[in-house]
Amino acid sequence: MNDIHTKALLQSLKDAPLLVGDLPSAASLDRALLGMPTSDMRLNTNQKLGHLYEDALRLLLRESDQLELLADHVQVFDRKQITLGEIDYILRAVHSQQVFQLELAVKFYLGLPTAEGWTFPGPDPHDNWQRKLHRMRTHQLSLEQRPEAQALLRQRWGCEEVEVRQLIYGCIFYPMEAVECPLPENMREDCRKGRWLYMQDWERFFAGVLEVCMIPKPLWPVCMSAPLRASLPRASVSALHAASAERCVMFVLPDAAEPHFLVPNHWPR
C-alpha cells in the first residue's frame, strides 16, 4: 500500500460516513477528538481488515491531544482464567479524566431479498448484520458491566465509572435492480451505500465496460475520490471475473465513485 492509500485510509477514520450512529448502549465516539500523524506512517496490510483498522485507529488515538490511550486489546478473564472477551481500547479524556471503552468494527453487508423479507449477509455469508448487532449489544458493548471487567478497570487504572463508545465503519450494498431498499436496523441514513450483482448478470448491467478499478481490501472502507481512483491500476473485465469466481470482489468504474460488489453465482450458499 503506497503513501496515497495509507493517508486515505487514515483520513477515512476521521471523516468517512459511519455505518452506525449512536446506539442505546453506546454512542459514537466524537471523531474530532482523534489526531492525525504528521509524518509518514507504515501499516501492515498483510493481516485481516479488522486488525489493520485497529492499528490505524491506534495511530490516531496516540496522536490525539484530547484523549490518552491507556491500553488496547485488553483481555477480560473470569476466575478460572477463561476469556470473557476483549476490550478494543481504554481511553481517558485529558480534560475531564472520564474513562471510555471504545469498540471498533468495519463491516460490509449485501441486502438480499427473500420470501421471508430482506436479510443482510456479508461477503462471507456466515456473517450477517442481525447476528452482528445482537453480538455487539449483548457482548462487546456490555463487557464493562461484567464484575470481572469492572475489577480489572479499577485495579489497573483506578476508574470506577466507564462510558462505552463505538465506531462502526463500512458500507451497505443493494441489488442492482432494487428500487426500494430497507435500511437495516440502527444503520445511519447517510451511511455509505453501493450495489451488488452476480457474475452471470454482468452483461445485463455493464455491457460495453472494458476496464474497472478493483479495490484492494485495505481500501474497502475508504470513499473512492477521483484522485484515489486514479491511483488504482485498471483491471480488465476478464480479470475481475476471474477474481470473483470464488469470492466477492469490490470494484468501481473508472469514472464513478459508487462501489460495487461482483459476487459468485453461488453466493450466499
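The values are calculated or read from the model by the stated rules, or taken from the named source; none is laboratory data. Just so we're clear, the structure is a prediction, and the values are computed from it rather than from any experiment. Neighbour counts are summed over all protein chains in view; Cβ atoms, including those assigned to glycine, are modelled from backbone coordinates with ideal geometry.
Report whether or not residue 182 is under 29 Å from residue 233 (Cβ atoms) and more than 18 Å from the chain's Cα centre (by Cα).
It is false that residue 182 is under 29 Å from residue 233 (Cβ atoms) and more than 18 Å from the chain's Cα centre (by Cα).
Within the set of pairs 6+ apart or on separate chains, which have a first residue in the stretch 43-59 that is touching a residue at least 12 places away in the same chain (Cβ under 8 Å), a second that is β-branched (Val, Ile, Thr) and surrounded by fewer than 18 Cβ atoms within 10 Å (Cβ to Cβ), and C-beta atoms under 7 Å apart?
As it stands, the answer is 52/45, since those pairs meet every condition given.
Count, please, the residues in the stretch 245-262 that happen to be modelled with pLDDT of 95 or more and either over 24 Å from residue 51 (Cβ atoms) or of a type in the set (S, T, N, Q) (or both).
5
I want to confirm something. Restricting to the stretch 117-169 and keeping residues that are closer than 24 Å to residue 83 by Cα and acidic (Asp, Glu), which single residue is nearest to the chain's Cα centre (by Cα)?
127
Cβ-Cβ distance below 7 Å, separation of 6 or more or different chains: which pairs start in the stretch 101-114 with a residue that is under 12 Å from residue 89 (Cα atoms) and end on one that is crowded, with 22+ Cβ neighbours inside 10 Å and among the aromatic types (Phe, Trp, Tyr)?
Filtered contacts from the stretch 101-114: 102/89; 104/53.
In the set 72, 55, which member is under 18 Å from the mean Cα position of the chain (by Cα), surrounded by fewer than 18 Cβ atoms within 10 Å (Cβ to Cβ) and closer than 18 Å to residue 167 by Cα?
Step by step, each of 72, 55 is checked, and only 55 is under 18 Å from the mean Cα position of the chain (by Cα), surrounded by fewer than 18 Cβ atoms within 10 Å (Cβ to Cβ) and closer than 18 Å to residue 167 by Cα.
Matching residues to (1) at pLDDT below 95; (2) crowded, with 17+ Cβ neighbours inside 10 Å:
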{"residue": "6", "(1), (2)": "yes, yes"}
{"residue": "13", "(1), (2)": "no, yes"}
{"residue": "19", "(1), (2)": "no, yes"}
{"residue": "30", "(1), (2)": "no, no"}
{"residue": "34", "(1), (2)": "no, yes"}
{"residue": "67", "(1), (2)": "no, yes"}
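Which condition breaks for residue 17 when tested against (1) touching a Lys or Arg at 6+ places or on another chain (Cβ under 6 Å); (2) farther than 23 Å from residue 107 by Cβ; (3) part of a loop (DSSP other than H, G, I, E, B)?
(2)
Is it the case that the stretch 84-106 has a residue that's under 27 Å from residue 259 (Cβ atoms), in contact with a Pro (Cβ under 6 Å, 6 or more places away or on another chain) and at pLDDT 95 or above?
yes
Might you check whether a residue that is touching a Lys or Arg at 6+ places or on another chain (Cβ under 9 Å) and not in a helix (DSSP H, G or I) occurs anywhere in the stretch 57-68?
Yes, the stretch 57-68 contains a residue that is touching a Lys or Arg at 6+ places or on another chain (Cβ under 9 Å) and not in a helix (DSSP H, G or I).
Assess whether residue 209 counts as being crowded, with 16+ Cβ neighbours inside 10 Å, assigned to a loop (DSSP other than H, G, I, E, B) and among the aliphatic types (A, V, I, L, M).
No: the conditions fail for residue 209.
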